[in-house]
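Before any comments, here is the structure.
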Amino acid sequence: MYRKLGRTVAAAVIATIASAAFASTANAGLLTQSATNCVDGPITQPFQRFGDSNNYKLLGNFESDAATWTFSGGAKVVAGNESYKVGGSTHAKSVLLPSGSSAVSPFTCVGLAEPTLRLFAKRNSALLGLVSTLNVQIQVQTSLGLSLWLPVLPGDLGGSSWHPTAQMPLIANILPLSASDKTPVRFRFTPLLGAWQIDDVYVDPFRTR
């Protein structure tokens, strides 16, 4: 069900995004750079208790890998792990995203076999106490040397307690031309109209362990 939903959303928005991307490259075609040295690391099922039995590879848990991320606008690693501790019972950190800040992940490889992103998030404040969104974007490198930031949908409206986000389809993962090709991407997390915390960021590699 989760994979079907992700592909349905992806199909609905890919035409708009692709047309903009093609226009930006003077109709030359959007061909992504090929990634090399792609190592997934351990594959786990961190969202199984939430009805999602898909396998995932870790992008960041901010315990020992925070230095691989780029923080701006006051974003920083703080004490306080997501409450489910899916990465480990001893984990004790997350990332605070105040208004106007952003966190950018290290590059990872995605292709046709990496369809979705999922993480844990918590809204700390919102405009008038009601409205705030965690905005997520993916950066794609084209074969023409251009760098494009594309939306990852849906974002998260969230709540004031830790929760897993919805699965977020990676539109960019369908841009490589062959099933065996992968492209380097990274993700940017930005709070809109409020402050957030994020933790335990995963990409679904769409394969069995």
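The values are calculated or read from the model by the stated rules, or taken from the named source; none is laboratory data. Owing to the predicted nature of the structure, the values given are computational and were not obtained by experimental measurement. Neighbour counts are summed over all protein chains in view; Cβ atoms, including those assigned to glycine, are modelled from backbone coordinates with ideal geometry.
The table below gives the values:
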quantity	calculated
Single unsatisfied condition, ALA79 versus (1) buried (at least 22 other Cβ atoms within 10 Å of the Cβ); (2) farther than 15 Å from TYR202 by Cα	(1)
Counted residues, the stretch 126-153 - those being over 22 Å from TYR202 (Cβ atoms), in contact (Cβ under 8 Å) with a residue 12 or more places away in the chain and of a type in the set (Ser, Thr, Tyr)	3
Hey, LEU97 closer than 30 Å to SER34 by Cβ and touching a residue at least 24 places away in the same chain (Cβ under 8 Å) or not	no
Residue satisfying all of: in the stretch 135-150; in a loop (DSSP other than H, G, I, E, B) and of a type in the set (A, V, I, L, M); farthest from ASN81 (Cα to Cα) among these	LEU144
Hey, VAL86 in a loop (DSSP other than H, G, I, E, B) and not basic (Lys, Arg) or not	yes
Residue in the stretch 72-85 that is β-branched (Val, Ile, Thr), modelled with pLDDT of 95 or more and within 18 Å of ALA121 (Cα to Cα) present	yes
Top-ranked residue in the stretch 98-134 [being in a loop (DSSP other than H, G, I, E, B) and either of a type in the set (Lys, Arg) or in contact with a Leu (Cβ under 7 Å, 6 or more places away or on another chain) (or both); ranked as nearest to LEU157 (Cα to Cα)]	SER132
Residues (assigned to a loop (DSSP other than H, G, I, E, B), within 14 Å of ALA166 (Cα to Cα) and touching a residue at least 12 places away in the same chain (Cβ under 8 Å)) located in the stretch 31-57	PRO46, PHE47, ASP52, ASN54
Filtered residues of the stretch 58-83 (kept if aliphatic (A, V, I, L, M) and in a strand (DSSP E or B))	LEU58, LEU59, VAL77, VAL78, ALA79
Residue selected from the stretch 105-124 under the condition of a type in the set (Gly, Ala, Ser) and at pLDDT 95 or above, by the criterion nearest to GLN167 (Cα to Cα)	ALA121
Qualifying residue in the stretch 154-165 (condition: in contact with a helix residue (DSSP H, G or I) (Cβ under 9 Å, 6 or more places away or on another chain), in contact (Cβ under 8 Å) with a residue 12 or more places away in the chain, assigned to a loop (DSSP other than H, G, I, E, B) and more than 15 Å from PRO205 (Cα to Cα))	yes
